[in-house]
Each structure stands twice: as C-alpha cells, then as structure tokens.
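The values are calculated or read from the model by the stated rules, or taken from the named source; none is laboratory data. Keep in mind it's a predicted model, so treat the numbers as computed, not measured. FYI the Cβ positions are ideal-geometry reconstructions off the backbone, even for glycines, and counts take in every protein chain you see. Keep in mind that these areas ignore ligands, DNA and RNA; they rest on the heavy atoms of the full protein, side chains included. Shrake-Rupley method; radii C 1.70, N 1.55, O 1.52, S 1.80 Å.
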Amino acid sequence: MTLIWDKIGHIYAPDGKKEWMSSHASNTVPIHRGRGVFRVYFSSRDLEGRSSISFVDIDVGSGEFEVVAEATSPVLSPGLPGFFDESGVSLSCIKEINGRMLMYYLGWTLGKTVPWYNSIGVAELSPSGDVATKLFNAPIYSRSESDPISLSYPYFIEINGENFVYYGSNRAWGGSTLDMDHVLKIGTTVDGLSITPKDKIAIIPNQGEYAFSRPYVFRNSRGTWSMYYSYRGEMYRIGYAESEDGLEWNRMDEHAGIAPSESGWDSEMICYPCLFEYEGRRYMSYNGNGYGKSGFGIAVESFSILP
C-alpha cells in the first residue's frame with residue numbers, strides 16, 4: 001500500500017525569543033483539543049542545547065493551519081544534575097492508558113567516551129495539557145542485557161490484544177557516529193509504566209544506514225499494520241513498513257509517499273513523522289532540515305494505492 005501525501009506547508013518554527021525554546025520544534029505529536037484546534041507538542045532546545053517539551057495550538061478546522069496559541073512555559077523540563085534526564089527531555093509519543101494521558105519521552109545524559117546515553121521516561125499530562133508531571137525519578141526502561149548501550153523513542157499500541165512497544169536500540173557505537181549500529185526493536189507493556197523487551201528486531205538497517213527514529217504504527221485500510229519511521233544514511237528520510245501481526249515487518253520505503261522538497265525548509269531532510277486524523281482525513285506532521293531546527297510542517301493524505 002502506498003499513501004500519497006500532499007504537503008500543506010511549513011507551519012511553525014520558534015522565533016528564539018524564549019530562552020528555553022530558543023530553537024527547534026522536533027518530534028511533533030498533535031492532540032485534538034476540540035473545534036478543529038490541535039495542540040502540537042514538540043521538543044525545543046535552549047541556548048545550551050538542552051531540550052524541553054513545549055507546544056503550539058494550530059487551527060486545522062479552518063483549513064488555514066494558523067498558529068493560534070503558544071506555550072508560555074515548558075510542559076516538561078530537563079531533570080536536576082545527576083538524573084537520567086539532566087541533559088534534556090525529548091518527546092516520543094502521547095497515549096491515553098487507563099484513563100491517563102501519558103507522555104513518553106527520552107531522557108538524555110551526555111557521555112564522555114560516547115556522545116550520550118538515552119533512557120525512556122514517562123510523565124502525566126494535566127487536564128489543561130499545559131504541564132506534564134514526571135511519574136518517576138528514574139526511567140521506566142533503561143539499559144539492560146537486551147539493550148545494553150542506549151535507547152530511543154518508543155511508540156505504544158495494542159495489536160491483537162497485546163500491548164506492543166516499538167523502540168530504538170543502539171547495538172554498537174563504532175569509531176564515529178557514522179559507524180553506529182541502530183535498530184528498531186519490539187517490546188511489550190502491561191500497564192504502560194514498564195517495558196519488557198521481546199528480544200526481537202522489527203527494522204534493521206540497509207547498507208549505508210546507521211540510525212532509525214520515531215516509529216509510528218497504525219492499522220491500515222486492509223486491516224494489517226503500517227509503520228512510518230525515520231531512517232538515516234547521509235540524511236534522514238521517512239521510511240515505511242508493513243506487517244500482518246506486528247512482529248514480522250517488511251520494509252517498503254519506496255511506498256512512504258513523501259520526500260524532501262526541491263528547495264526550502266525541508267529540502268535537505270525529512271524526519272520524525274506523526275499521523276493524526278480530523279473529519280475523516282489523515283494528516284502527517286513532520287520535521288525538515290536540521291532535525292527540526294527549521295520547525296515542522298504538515299502534509300495531508302491525498303489518496304492511497306492498494307496492491
């Protein structure tokens with residue numbers, strides 16, 4: 001199946017006036033707030049490169065996709081010195097689990113012999129959606145025998161009665177970042193507050209690729225499962241895969257239906273896709289150049305081609 005995406009355009013990038021949101025609007029997650037307004041949560045960076053989680057509200061219902069409100073303070077901030085998220089918090093996904101709006105994020109700690117160590121944390125969004133409270137001082141999943149080096153962005157979804165978690169895992173650093181060996185793996189959760197690895201790989205790199213990020217999984221029109229994700233060789237691109245059972249995945253990147261533009265804010269790379277629906281139409285928020293330094297844009301599904 002191929003979904004064809006028409007780009008609506010560049011929606012937002014920080015203007016640099018807020019110290020904690022000096023740059024970047026990465027890893028977007030749109031949540032419907034009512035009357036056609038979506039709150040788009042994202043990761044921003046301060047002048048020292050530490051990431052916080054912020055948001056803007058956009059009016060999808062009018063068809064103008066205008067920014068109608070902007071956060072006045074961070075939704076979630078980095079942890080205190082010594083904590084697993086002291087160097088930053090990066091948004092992964094937001095899921096309603098057992099009546100609670102849970103925000104899953106990466107906690108960053110800078111390394112000495114390697115660039116960073118990442119662990120997975122969770123916070124709960126307030127009813128207003130303006131602030132998230134960390135549920136634990138420690139991560140819900142960190143380095144283990146199954147994933148001994150570093151983790152990346154998880155996505156939670158129920159498939160055939162089982163609560164799956166798709167997440168990234170470093171298998172090796174190598175002599176440089178370009179030598180990094182990174183895969184997308186599969187885990188499970190019982191309550192959304194812990195992750196148990198299945199020791200099973202969903203997506204592996206092709207020749208010349210060394211990183212994956214931000215999987216997004218959904219049931220497609222054929223009743224099977226589709227996954228969008230970012231994959232990186234020279235530059236990030238948006239990839240696509242399909243599965244019958246959520247366990248065995250077939251990479252079909254040529255069916256992603258979206259690519260960099262010839263010029264402009266998303267001409268060098270496209271990455272970190274997240275899908276959302278409004279009034280029967282499916283949309284994709286995504287990042288462009290600079291891993292979100294250029295902000296985010298939105299595309300709309302124009303049609304799909306079934307095999």
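Dipole size of region 1-152 about its Cα centre, with +1 on Lys/Arg Cβ and -1 on Asp/Glu Cβ: approximately 220 debye, rounded to the nearest 20.
Would you work out what percent of the accessible area of the chain, with all protein chains in place, is carbon or sulfur (probe 1.4 Å)? Carbon and sulfur atoms account for 48 percent of the accessible area of the chain.
So between T196 and E86, what do we pick up on full extension, going 0.36 nm a residue minus the alpha carbon distance? Going from the current span to full extension adds 37.2 nm.
Give, as a single signed number, the net charge of other residues whose beta carbon lies under 10 Å from the beta carbon of L135, with Lys and Arg counted +1 and Asp and Glu -1. Once positives and negatives cancel, what remains is +1. What the pair-distance distribution of region 158-213 shows, using all Cα-Cα distances binned every 10 Å from zero, is 23, 45, 23, 9, 0 percent. Along region 287-304 the Karplus relation, 6.51 cos²θ - 1.76 cosθ + 1.60 evaluated at θ = phi - 60°, assigns HN-Hα couplings of 9, x, 4, x, 6, x, 5, 7, x, 10, x, 9, 10, 10, 5, 8, 5, 10 Hz to successive residues, with x for each Gly and Pro. In a DSSP loop and with at most 14 other Cβ atoms within 10 Å, the trypsin sites (Lys or Arg not before Pro) in region 215-276 are R222. Distance from the Cα centroid of region 242-284 to that of region 38-82 is 22 Å (rounded to whole angstrom).
The residues of region 213-307 present an accessible area of 41 Å² per residue when probed at 1.4 Å with all protein chains retained. Taking the chain as a Gaussian network, Cα atoms linked when under 10 Å apart, which of S263, S26, S73 shows the biggest mean-square fluctuation? Highest fluctuation among the options: S263. Neighbours of G292, meaning other residues whose beta-carbon lies under 13 angstrom from its beta-carbon, give a summed charge of +1 when Lys and Arg score +1 and Asp and Glu score -1.
Taking amide H atoms as placed 1.01 Å from N in the peptide plane, the amide H of M101 lies under 5 Å from those of L125, each 5 or more residues away in sequence or on another chain.
Database remark: amide H of A69 closer than 5 angstrom to the amide H of D57 (H placed geometrically; neighbours at sequence offset of 5 or more, or on other chains; Pro and chain starts carry no H). Taking only the C-alpha atoms of region 10-102, Rg followed by Dmax gives 13.9, 46 Å. Taking θ as phi - 60° and the Karplus parameters 6.51, -1.76 and 1.60, the scalar couplings of region 60-68 work out to 7, x, 6, x, 8, 6, 7, 6, 10 Hz in sequence order, x denoting glycine and proline. Near S294, the amide H atoms lying under 5 Å from its own belong to G288, N289; only residues 5 or more places off or on other chains count, and H is placed 1.01 Å from N. Each residue of region 181-197 is assigned a 3J(HN,Hα), and the resulting list reads 10, 10, 9, 9, 10, 10, x, 9, 9, 9, 10, x, 10, 7, 10, 10, x Hz, derived from the Karplus form 6.51 cos²θ - 1.76 cosθ + 1.60 (θ = phi - 60°), x at Gly and Pro.
Think of the chain as a dipole: +1 on every Lys or Arg Cβ, -1 on every Asp or Glu Cβ, centred on the Cα centre; then among S92, Y231, A241, S92 lies furthest on the positive end. Set the Cα radius of gyration of the chain against 2.2 N^0.38 Å, with N its number of residues, and you get 0.93. If the segment from R219 to L135 were pulled out straight at 0.36 nm per residue, it would be longer than the present Cα-Cα gap by 27.3 nm.
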